[in-house]
Amino acid sequence: MKGERTKNYIEELIKDKGIPYLDFCIQRGYTPLFRCVSSANGEANGKELLALYSCTKPLTVACVMRLVEEGKLALSDTVEKYLPEYEQAFWLSNGKERSAKGEITIERLLTMTAGLSYNLCTPPIVELLKNNPAPSTREIVGRYIQTPLLFKPGERFEYSLCHDVLGAVVEVVAGKRFSEYMDEVIFKPLGMQNSFFHRTGAEIFDVYACTQEGGFTPAEKKNMHVFSENHDSGGAGVISCVDDYAKFAATLACGGVSADGYRLLKKETLDLIRTERSSLSVNNTFTCIQGEDYGYGLGVRTRLKPTEWGLPKGEFGWDGAAGSYLMVDSEKQISVVIGMHILEWPRVFTGEHLRLVECAYEDMRAEGLL
């Protein structure tokens, strides 16, 4: 695909906004249709190691749902079945503690209706880090419920640390570290050789932060969501590159089967993941949701109605704090991965991910590929 509209729009973004790093990749099936890699130093090649932040979440969902397929986990299971400390979870009503025992289920973790927050600076976590500078995933996750839940589980959607708890659940069910399990069932079989949970700052590509004025400044290569080499964050911990993540995206777009014939998930499972689950109010102005036409499925945003330019109902994906982005159109077996490494990107890039997807669909239609 020549991708003139997409190429021109990317050039405009870089010229007008000064985006220091952008990698756009669209595939149909397992075949790349168009790729554009741009960086301030002119040396980017698509293999840059990027902190995916919340683009980790779809990977975590795939791990959880694989265990569900195997009958080792059920959406209706309570979290304390695997993490007994969660029997102590509680919420407040009129100033009184109310037990949340039995209320936090695997499904509520996947749909972010468990009552958790995204506060990583609570006194129990601060105390843990003071006494143990290298806590494990299980130790960190155990501290989440030592302060009150925001609400009774099931009452509403709240973007939170649910996927980190799911990572700890996977560790218990699989009997190994979450990072080891993901490597075993996703990274190795999909050929994602440059995907990890932990790498030194020197190995990771340059990180930028968007300033209040819309400019860019170099940022520290430190992920505040990861506390130690022993902590595998299911919500924000994966380091990968666009080349690798595109393999995962294509597998999702092709009914859960990789280019080499490895079945990661059943098609029926993917259909379940991309079906809107929550009848509760979802904040669809939140940048990860990507707009008012999306709801929330099992750990991913999901499109509620088709666009005039080609996205179907049920298109799904997510994005991350540094601007990485996943889009999966299962009906057409099309996937899009965008690599960025810009913290606070919504200040200059809100709506642009989807606009780039629209440009690519317009190009496909103009070139007779749709």
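Accessible surface for segment 188-229, divided over its residues, is 59 Å² per residue with a 1.4 Å probe. With a Förster radius of 56 Å applied to the C-beta separation of LYS2 and VAL172, the computed FRET efficiency comes to 0.65. Largest mean-square fluctuation among GLY339, GLY237, GLY154, in a Gaussian network model of the chain whose springs join Cα atoms under 10 Å apart, belongs to GLY154. For the pair ALA366 and GLU97 in one chain, pulling the backbone fully straight at 0.36 nm per residue adds 90.8 nm over the alpha carbon distance.
For segment 75-146 and segment 208-228, compute the distance between their C-alpha centroids and round to whole Å. Using only Cα atoms to place each centre, the spacing works out to 27 Å. With protein chains left intact and a 1.4 Å probe, residues in segment 36-179 average 40 Å² of accessible area per residue.
Spin-label model, SER38/MET224: points 7 Å from Cα along the beta carbon direction are separated by 2.9 nm.
Dividing the helix sum by the residues of the chain, where each DSSP H run of 4 or more adds -39500 (n - 2.57), gives a mean residue ellipticity at 222 nm of -8000 deg cm²/dmol. Each of the peptides 123-131, 49-57, 267-275 was scored by the mean count of other Cβ atoms within 10 Å over its residues; in descending order, highest first, they stand as 49-57, 267-275, 123-131.
Accessible surface area normalised per residue over segment 247-366 is 35 Å², counting heavy atoms of protein chains with a 1.4 Å rolling probe.
For the cross-link pairs LYS188/LYS222; LYS130/LYS247; LYS57/LYS267; LYS2/LYS266; LYS2/LYS47, the ones whose C-alpha atoms lie over 28 Å apart are LYS130/LYS247; LYS2/LYS266.
Summarising the label geometry, the points placed 7 Å from Cα in the beta-carbon direction at ARG156 and THR200 lie 4.6 nm from one another. Here r is the Cβ-Cβ distance between LYS130 and GLU87 and R0 is 25 Å; the resulting FRET efficiency, rounded to 0.05, is 0.45. Global size of the chain: 19.9, 63 Å for Rg and Dmax (C-alpha atoms, Rg to one decimal, Dmax whole).
Relative contact order, whole percent, for segment 57-190 stands at 32, derived from Cα pairs under 8 Å and 6 or more residues apart. To put it simply, the accessible area of the chain at a 1.4 Å probe is 47 percent carbon and sulfur.
Potential lengthening of the chain between GLU70 and LEU304 amounts to 81.3 nm, from the contour at 0.36 nm per residue minus the alpha-carbon distance. Highest mean packing comes first when the peptides 256-263, 329-336, 1-8 are listed by Cβ atoms within 10 Å, giving 329-336, 1-8, 256-263.
Overall, the chain carries a charge dipole of about 480 debye about its Cα centre when +1 sits on the Cβ of Lys and Arg and -1 on the Cβ of Asp and Glu, all other atoms neutral. In this simple spin-label model, placing a label point 7 Å from the Cα along the Cα-to-Cβ direction at both GLN193 and TYR118 gives a separation of 3.5 nm.
The values are calculated or read from the model by the stated rules, or taken from the named source; none is laboratory data. Every value quoted in this text rests on a predicted model; they were computed, and no experiment measured them. For neighbour counting, all protein chains shown are included, and Cβ atoms are generated from backbone atoms with ideal geometry for every residue, glycine included. Heads up: the accessible areas ignore ligands, DNA and RNA and are worked out on the full protein's heavy atoms, side chains in. Shrake-Rupley method; radii C 1.70, N 1.55, O 1.52, S 1.80 Å.
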